[in-house]
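Remarks on the structure that follows.
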Amino acid sequence: MSRLCRVLALAAAAALAASGARAQLLARVEPGWSPFVQARVVQGTPEGNLLAEARGLLVSEPARVAQVLGRGAPARGPAARLAEGLRADALYRTGTKGLAEAQKLYRGVVTSDAPAAEQAWAQFMLGNIRKIHGYVGEAEVSYRTALAGPAAPWRPAALFDLAALELEAGRPAQARPELEVWLRDYAGEPGRPLALHLLVECLARLGDDEAALARLSEARRLDPAAWTVRPEVGYAVAELLRRSGNTEEAVRVLEMIPRAAPGSVEGAKARLTVGAMREAEGNVAAAARSYGLLLDEGAGAEVSREAVLRLAYLGALYREKVVLTDSYPAYRIFYRPGPTLEQGARDKDPAAAQRAVLGLGHLARQEGRPLDSLRLFARSFQQYPKTPESGRAYDAFMDTLEAHFAERLRAKAYSDVISAYEAFRGPMGWVATRDRGAVDAKAAEAYRALGAPALARAVYERLAREGTRVLSPAELEQRLLEARAGEGDPEAVRALAGAGRGGEAQQRAEAALGRRLAAQGRPSEAREHLRRAAELTADPATRLALLTEADRLAGEEGRLDEQLAGLSKRRPLRQALPPGPDRDAWERSAALSEARLRFAKGDYANAILSYGTLKDLGPEDRYLLAVAEKRAGNAARARELFTALAQGKDPVFANLAGFHLQVEGARDALRKKF
């Protein structure tokens, strides 16, 4: 029976080392399978003795056998054919240097009139050599030709090698029946655990998870580690286990690959896969450990670069939240990811560059630079080919934009919301089916707060056309009504008032209608709506502003007494404001308004009293005060004020004050003369 469990024949391994070909599964070739070894040799003659000795040394000294048979083999006849076959077997066993010559000799056998058993053996050996050299198609033809020949002890190995070749060539559908036949027909072969694992890989890649899990259970009972000669089996088994929900077991399988081949590219890829799986489940420390191990063990430049980038990306997201307790040198990348990500963003590989830019976006967001993070997120999904990273970048972009809008709305920085909304409107539409209602609704709120209800209405109308889950149809209809009312639409204002909505929405609507009526030259109606708006708010500052606006309209109608009465009525509202600059500003504004109104009514004495409560009057009010003093009969005080104005820097009021002084001087001269 074959010793199929011992795969990767010595000759094959030597050939692969020299050719640089990728490692392959290849059943070990036993010398006793060869018909040239099994053929009868008549000893007692020089030729017979030579062939008998050659067969005895074939395993221990194949190079010597090949050399001797190459020099002194029989020239012709059956003995010559037997010598050529033994020499081919010996050359194959010497490894790399002998494979080319062995191939020539086996070709000679299959093109001769040699017996069918010898031709089938030669085809089997040609299949092995061609597989070692990477000629998949030619190897497959040789194996199939060999298997079509007579029964022989090497047939299990040939069928196994054919199935492995199909699998390595990426054809699991073709490898599956061959492995199933092998497992059925050669149940006693010691290579069964490996064949079962190969079948598991086929089934997993074909999506037959139920059958794959059943075969995996059988294979593990026989030998859990039999698959380690082929890392691809480990990858397939791990993915199968992950899909079945057994992540921990999937990780255990993958971690066997680097243990079996430390520092290998395949081992590094397994570490990379484990890291990605740990990332997906949110275990940052375990993911970082896998990447740290990969870089510590060493591997190919490409895999290492990917691990460095992934470690930096994790750092951009979690360096302030996760403490890594291991001591891998690579962890410095986790805690200082910026330089690595900046370098990665210049990578020629679009996938690497995209991930680096996405990491820089997260880094900017963590550092409190939301606009920079938005630009980087937009770049990572707009400027690179679409990948899963693109979708994650877009989600991060929209989440960041919504959070930025919410924060700026809380701070009442409405212009910041609108500038960001206008700047990033293009990237927002990258996914046409995305529900943007949360962002759009916040932008509309900012438009309304800035006094642009028409723009808010346009946003709500688009949401009504496209649909959104963020606002119900009733809520959207209400906001549209409020926006129309904010534009001063009388019907919308009456609808809000009639529905008893009250609150901020109706207050804004009444104020907007009042201003619209004022612009149309209808001040009496405008004052009514502005005062109604004031009644709808409990905020003293807002009520003050609305009542003051209404009283200014009364002034336009010449209702000075009504304006003065309004100032007196608003005094409790001013006093209700908390002490501070805002309250001081309102008090000063009220005193100035009262002084000017008293002056306009001709009540100069009370105008002077009101001005007396104020400091740092502007040139206009100092001029009015001087005129009031003059008309109240305080000539000396008036002259003093006019003189100060005439010497001031304001040219308009300096000239007016100078004119008053000239007139008074002329009058004084006339009085003295007459």
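The values are calculated or read from the model by the stated rules, or taken from the named source; none is laboratory data. Since this is a predicted model, take the numbers as computed values, not measurements. All Cβ positions, glycine included, derive from the backbone under ideal geometry; neighbour counts span all protein chains shown.
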Only one residue in Phe405, Phe424 is of a type outside the set (Val, Ile, Thr), under 20 Å from the mean Cα position of the chain (by Cα) and either farther than 26 Å from Leu363 by Cα or surrounded by 13 or more Cβ atoms within 10 Å (Cβ to Cβ) (or both), so which one is that?
Phe424
Identify all residues within region 629-639 that are in a helix (DSSP H, G or I) and either surrounded by fewer than 16 Cβ atoms within 10 Å (Cβ to Cβ) or in contact (Cβ under 8 Å) with a residue 12 or more places away in the chain (or both); write none if there are none.
Glu629, Lys630, Arg631, Ala635, Ala636, Ala638, Arg639
Check region 153-167 and report whether any residue there is at pLDDT below 95 and in contact with a Cys (Cβ under 7 Å, 6 or more places away or on another chain).
yes
From Gln507, Gln478, grab the single residue that is touching a Ser or Thr at 6+ places or on another chain (Cβ under 6 Å), modelled with pLDDT under 90 and either assigned to a helix (DSSP H, G or I) or not aromatic (Phe, Trp, Tyr) (or both).
Gln507
Does region 166-185 contain at least one residue that is touching a residue at least 60 places away in the same chain (Cβ under 8 Å) and outside any helix (DSSP H, G or I)?
no
Can you confirm whether region 431-439 contains a residue that is β-branched (Val, Ile, Thr) and either in a loop (DSSP other than H, G, I, E, B) or surrounded by fewer than 19 Cβ atoms within 10 Å (Cβ to Cβ) (or both)?
yes
What number of residues in region 481-502 are assigned to a helix (DSSP H, G or I) and either over 17 Å from Glu535 (Cβ atoms) or at pLDDT 75 or above (or both)?
10
Does region 193-206 contain at least one residue that is under 27 Å from Asp89 (Cα atoms) and touching a residue at least 12 places away in the same chain (Cβ under 8 Å)?
yes
Test Val652 against the criterion of being at pLDDT below 85 and β-branched (Val, Ile, Thr), and give yes or no.
yes
Conditions: (1) crowded, with 16+ Cβ neighbours inside 10 Å; (2) assigned to a loop (DSSP other than H, G, I, E, B). Thr340 meets all but one. Number of the miss?
(2)
Going by the structure shown, is Arg552 among the charged types (D, E, K, R) and at pLDDT 75 or above?
yes
Which listed residue, of Ala63, Ala90, is modelled with pLDDT of 85 or more, over 22 Å from Leu162 (Cα atoms) and touching a Ser or Thr at 6+ places or on another chain (Cβ under 6 Å)
Ala63
Please indicate, with yes or no, whether at least one residue in region 381-394 is at pLDDT 95 or above, out of contact with any strand residue (DSSP E or B) (no Cβ under 9 Å at 6 or more places or on another chain) and β-branched (Val, Ile, Thr).
no
Anything in region 100-148 that is in contact (Cβ under 8 Å) with a residue 60 or more places away in the chain and among the polar types (S, T, N, Q)? List them, or say none.
Asn128
Can you name the residue in region 640-671 that is in contact with a Pro (Cβ under 8 Å, 6 or more places away or on another chain) and not small (Gly, Ala, Ser) and, of all such residues, is surrounded by the most Cβ atoms within 10 Å (Cβ to Cβ)?
Leu645
Restricting to region 348-375, and then to whatever is closer than 16 Å to Glu407 by Cα and among the basic types (Lys, Arg), can you tell me which residue is surrounded by the most Cβ atoms within 10 Å (Cβ to Cβ)?
Arg365
Single match in Ala204, Ala195, Ala164 (criterion: closer than 15 Å to Arg230 by Cβ and in contact with a strand residue (DSSP E or B) (Cβ under 9 Å, 6 or more places away or on another chain))
Ala164
